[in-house]
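**Q** Got a structure for you, written out below as structure tokens; questions coming shortly.
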Amino acid sequence: MMVAGKWDRKAFQGVELAGKTLGILGVGRIGGEVAKRATAFGMRVVAYDPFLAEARARSMGVELVSDVDRLYREADFITVHLPATDQTRGMLNAAAFARMKPGVRLVTARGARSLPTPTCWRR
């Protein structure tokens, strides 16, 4: 745009994080650090991790959900920090995307084996 001599400021605006809900899939070492930063930005943090104790979640300021569908319904942003295992592979599939809020933003820090199939990205 700059080379063309134009500046459309609205085309480059981001999204305010304060007041938004971050859903974290997997609250291990990295997921916990993400939660810490998200709360510092004024985000509500909901997390799904069957191995995270409720007391630990509370101490981190994280609302632990036992139903991953609830996280899908409520999150404005979803970040993925799960290992690629038989239990986690396929969690982000077309059905999961259909249950997410319109406009949800997905951030993943995992390799290709734990990502959804390309058809899910287009959903």
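The values are calculated or read from the model by the stated rules, or taken from the named source; none is laboratory data. Here the structure is a predicted model, which means the values were calculated and not measured. Positions of Cβ are generated from backbone atoms using ideal geometry, with glycine treated the same way; all protein chains shown enter the neighbour counts. Heads up: the accessible areas ignore ligands, DNA and RNA and are worked out on the full protein's heavy atoms, side chains in. Shrake-Rupley method; radii C 1.70, N 1.55, O 1.52, S 1.80 Å.
**Q** Where Lys and Arg each count +1 and Asp and Glu each count -1, what net charge lies around LEU22 among other residues with Cβ under 15 Å from its Cβ?
**A** +2
**Q** Just to confirm my numbers, what's the Cα centroid distance between the range 1-37 and the range 46-63 in Å?
**A** For the range 1-37 versus the range 46-63, the Cα centre distance is 23 Å.
**Q** Also: Among ASP67, ASP86, ASP76, which one shows the highest mean-square fluctuation when the chain is modelled as a Gaussian network with alpha-carbon springs under 10 Å?
**A** Between ASP67, ASP86, ASP76, it is ASP86 that shows the largest mean-square fluctuation.
**Q** What is the gain in length, in nm to one decimal, between MET91 and SER59 on full extension, counting 0.36 nm per residue of separation less the C-alpha to C-alpha distance?
**A** 8.8 nm
**Q** Accessible area of GLU16, 1.4 Å probe, to the nearest 10 Å²?
**A** My reading of the accessible area for GLU16 is about 120 Å².
**Q** Let's test the formula: R0 of 41 Å, r as the Cβ-Cβ distance of ARG37 and ALA84. What FRET efficiency results, to the nearest 0.05?
**A** With R0 = 41 Å, the Cβ-Cβ based efficiency is 0.95.
**Q** A further question follows. Using a probe radius of 1.4 Å on heavy atoms only, what accessible surface per residue do you get for the chain? Whole Å² is fine.
**A** About 64 Å² of surface per residue is accessible.
**Q** Given the options ALA96, GLN13, MET1, identify the residue whose Cα lies farthest towards the positive end of the charge dipole of the chain (+1 on Cβ of Lys, Arg; -1 on Cβ of Asp, Glu).
**A** Result: MET1, furthest along the dipole toward the positive end.
**Q** Would you mind checking the tilt of helix 29-40 against the longest principal axis of the Cα atoms of the chain, expressed as 0 to 90 degrees and rounded to 10?
**A** It is inclined by approximately 60 degrees.
**Q** Here's a follow-up. In what sequence, largest accessible area first, do ARG89, ARG37 appear using a 1.4 Å probe?
**A** Ranking ARG89, ARG37 by accessible area, largest first, yields ARG37, ARG89.
**Q** On to the next question. Please report, as a whole percent, how much of the solvent-accessible surface of the chain comes from carbon and sulfur atoms (probe radius 1.4 Å).
**A** 55 percent
**Q** Top to bottom by accessible area (1.4 Å), largest first, where do VAL45, VAL68 land?
**A** Order by accessible area, largest first: VAL68, VAL45.
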